[in-house]
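Rule-based calculations on the coordinates, nothing more; no lab input. Note that the structure is a prediction, hence the values are computed from the model and not measured. Cβ coordinates were reconstructed from backbone atoms using ideal geometry, including for glycine residues, and neighbour counts include every protein chain displayed.
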Amino acid sequence: MSAHIPRVSVGLPVYNGERYLRSALDSILGQDYPDFELIISDNASTDATPDICREYAARDARIRYYRNEHNIGARGNYNRVFELARGEFFKWASHDDVLYPSLLRRCLETFADSPADTVLVFSKAEIIDDVGNVKAVSADTVDATLTTPSGRLASLIFFRCYANPLWGLIKAEALRQTRLMGWIESDHVLLAELAMRGRLIEMSEILYQQRRHAGSAIPKHPKRRDLYAWTDPRKGKSAILLPHWVLCDWEYFKAIRHARLSLWQQLLCSSAVLCVPGWRWFLAVTGPVRDRLGLHRKRKATEPGMTPKVQLEPAMTNERQMNVYDAKVTRGGNG
């Protein structure tokens, strides 16, 4: 292993990813910022994944390839690539996504120009299907002007869609303070933990493509217990199947407690978890009526988190973009 410690670590967990893996690896290794390591954790794949990984590792010294003796679940594999990372900054990469060449460089440049409490920088993402057709642009965003943990958490929950920000560049020090990936809504809950620790900055550029296809987690595991077992085999098999929203809110409350905020901020964050989804639902349900009555609120394109083409209320924007592409083809990959 090289004695040089790169500034950026990219972690790629994979299980049976032979179909898209070469494309993902080419896009990572083709970054115009070269000072990074790529950590691949193969979760005991049974297809050609190990051969592809070894082939790439043999020709690029930046790759560190590991193979698990048995499948440790998506949660364990995602966390493992971070635990093996050495860089000051960390990025998760999925075996079926595609990065634009300037992603790492632009994230680092944005970090340099952002407030000191910034913990994550992310770009907009194109949502693509199994053959690479662009279906939508992710509606995930967060208001970077908010300075309180509760404000950032409320904004994150209100705009949540595909958990796109988590595939940005993260300060490793901040990520180590979290509980890492959990087993219920792990990406959204981890984003919440990061948001309670600092700012999440969105760049205006589209710098990567997030793939959603029939092999993603939810289409492949339509039953809840199977999905939970895919995430964490031990917990998933023994979990008490309470309503999903109850389990999800419980994970948010644990994240709030783990963040060690002041009592006042804990109360505000807990209120955001309980109230913001209901408000978002109300806006989505009443949106068509308010549109017909001309009661929806116009927003300036220069407001945080907005683009010139998005001027409706954010919750309505999310719902309409999700209707462009089947929302059941959801994030997950095959970690």
Between helix 263-293 and the chain, what is the angle of the helix's C-alpha long axis to the longest principal axis, kept within 0 to 90° and rounded to the nearest 10?
70
Could you tell me the extents of the chain's C-alpha atoms along the three principal axes, largest first, rounded to whole Å?
62, 46, 44
Dividing the alpha-carbon radius of gyration of the stretch 67-163 by 2.2 N^0.38 Å, where N counts its residues, gives 1.27
The stretch 55-95 shape via C-alpha gyration tensor axes, a/c threshold 1.5
oblate
Sort 140-152, 85-97 by packing, meaning the average of other beta carbons within 10 Å per residue, with the highest value first.
85-97, 140-152
Considering amide H positions built from the backbone, and no H for Pro or chain starts, which residues 5 or more places from residue 205, or on another chain, come under 5 Å of its amide H?
124
Helix 103-113 sits at what angle to the longest principal axis of the chain, using alpha carbons and giving 0 to 90 degrees rounded to 10?
60
Against the 2.2 N^0.38 Å scaling, with N counting residues, where does the stretch 121-278 land? I'd like the Cα-based Rg ratio to two decimal places.
1.06
Angle between the Cα long axis of helix 49-59 and the longest principal axis of the chain, 0 to 90 degrees, nearest 10?
70
Return the FRET efficiency for the residue pair residue 109, residue 281: r is the Cβ-Cβ distance, R0 is 51 Å, and the value is rounded to the nearest 0.05.
0.85
Please list 224-235, 282-293 highest first by mean number of surrounding beta-carbon atoms within 10 Å per residue.
224-235, 282-293
If each residue of separation counts as 0.36 nm, what is the full-extension length gain between residue 48 and residue 179 once their alpha-carbon separation is subtracted?
43.9 nm
Protection proxy (average C-beta count within 10 Å per residue), highest first, orders 28-35, 112-119, 98-105 as 98-105, 28-35, 112-119
Long-range tail of P(r) for the stretch 1-57 (Cα pairs > 20 Å, %):
26
Unit charges on C-beta of K, R, D, E only; dipole of the stretch 189-242, Debye
380
